[in-house]
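Notes for the one structure printed next.
The values are calculated or read from the model by the stated rules, or taken from the named source; none is laboratory data. This structure is a prediction, so every number in the text was calculated from the model and none was measured. Neighbour counts are summed over all protein chains in view; Cβ atoms, including those assigned to glycine, are modelled from backbone coordinates with ideal geometry.
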Amino acid sequence: AIDVGDHIPSMVQADDVHGTGGLDLVVTTEKGEILTLESEVVQYHPLNVWNAGVTRTPGSNNAQAHGYSSTQGIFVHPIARQFRDILGIYVPITFEIFDRRPNIENEPNRRVYQVDIRAGMSAKRTIFSKTYASTGVYTERIQIPFGPGYYALSVRLRTTHGIVYEDTFHIGFNVNYMGGLWWIVCFPLIVATVPILMFRRKPNWEEDEDYGGRGTGILGRMPPP
């Protein structure tokens, strides 16, 4: 037990708040203080996270029935969930669908996994939807049609029983797009300037009067007097 010196009115949340790879506890007190308790023992994993309040609230469709003890679910791999600013059109997302229910191999009608990716939590901001017939690791390239900005992407799995599993991560999408425009405008100019700077005209000694040239000029005849 840990005494934080005040009453804790809300549920304790668990996530990697400091980005150290360990699971941190987030505690709020009645005085409005927010405390984070770091742990070096429990390693971070998306299935260990508990950051969406009380589970199984009315109307949530068991949205947070997650964890290592869960028989099925979905989570985003570290290569995709790392916070970064993506410069381009498509965002690659690598996620894994797992299903450890008994005898699931012999029930193909239950191996239906509806995956949605949302830019936020609203169903109106669904940017990807696909149905899978098997578990495994998948990489999808999605496009965010809402313009540059910072987004919380929510990857959701709905089973044949209507249970929803969810994993959320944050990215930046074309936030520094001016850097890309700079390269688009300046790079062709740089490429065109290099051969011009490297070009050197070879001297023609026959046109140089100081070295006994004929002095006929570039037209091949004597200049007028």
Worksheet, complete the sentence: Quick count over the range 148-174, residues being in contact (Cβ under 8 Å) with a residue 12 or more places away in the chain and in a loop (DSSP other than H, G, I, E, B), is 6
Worksheet item: Among the residues of the range 147-158, which ones are touching a Lys or Arg at 6+ places or on another chain (Cβ under 8 Å) and more than 18 Å from Arg84 (Cβ to Cβ)?
Response: Arg156
Discussion item. Given (1) within 19 Å of Gln82 (Cβ to Cβ); (2) without any contact (Cβ under 8 Å) to a residue 12 or more places away in the chain, identify the lone condition not met by Glu107.
Written reply: (1)
Worksheet, complete the sentence: Of the residues in the range 74-87 that are more than 8 Å from the chain's Cα centre (by Cα) and either under 17 Å from Arg156 (Cα atoms) or modelled with pLDDT of 85 or more (or both), the one that is surrounded by the most Cβ atoms within 10 Å (Cβ to Cβ) is Ile74
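Here's the yes/no breakdown for (1) of a type in the set (S, T, N, Q); (2) surrounded by fewer than 14 Cβ atoms within 10 Å (Cβ to Cβ); (3) modelled with pLDDT under 85:
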site: Trp50; (1), (2), (3): no, no, yes
site: Gln72; (1), (2), (3): yes, no, no
site: Val91; (1), (2), (3): no, no, no
site: Val115; (1), (2), (3): no, no, no
site: Ser122; (1), (2), (3): yes, yes, no
site: Tyr132; (1), (2), (3): no, no, no
site: Thr139; (1), (2), (3): yes, yes, no
Worksheet, complete the sentence: Listed by range, strands (runs of 3 or more DSSP E) wholly within the range 69-145 having at least 2 residues that are among the aliphatic types (A, V, I, L, M) are 72-76, 90-99, 113-119, 136-143
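May I ask you to say which residue of Thr20, Thr29 is of a type in the set (Ser, Thr, Tyr) and either touching a strand residue (DSSP E or B) at 6+ places or on another chain (Cβ under 7 Å) or surrounded by 15 or more Cβ atoms within 10 Å (Cβ to Cβ) (or both)? Walk me through how you get there before you give the answer.
On the way: Thr20 fails: either touching a strand residue (DSSP E or B) at 6+ places or on another chain (Cβ under 7 Å) or surrounded by 15 or more Cβ atoms within 10 Å (Cβ to Cβ) (or both).
The conditions single out Thr29.
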Discussion item. Only one of Tyr90, Tyr132 is of a type in the set (Phe, Trp, Tyr) and within 21 Å of the chain's Cα centre (by Cα). Can you tell me which?
Written reply: Tyr90
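Just give me the residues in the range 14-48 being among the β-branched types (Val, Ile, Thr) and either within 26 Å of the chain's Cα centre (by Cα) or at pLDDT below 80 (or both), in sequence order. If you could, list the steps in order and put the result at the bottom.
Filtering the range 14-48 down to residues among the β-branched types (Val, Ile, Thr) leaves 17, 20, 26-29, 34, 36, 41-42.
Of everything in the range 14-48, those that are among the β-branched types (Val, Ile, Thr) and either within 26 Å of the chain's Cα centre (by Cα) or at pLDDT below 80 (or both) turn out to be Val17, Thr20, Val26, Thr36, Val41, Val42.
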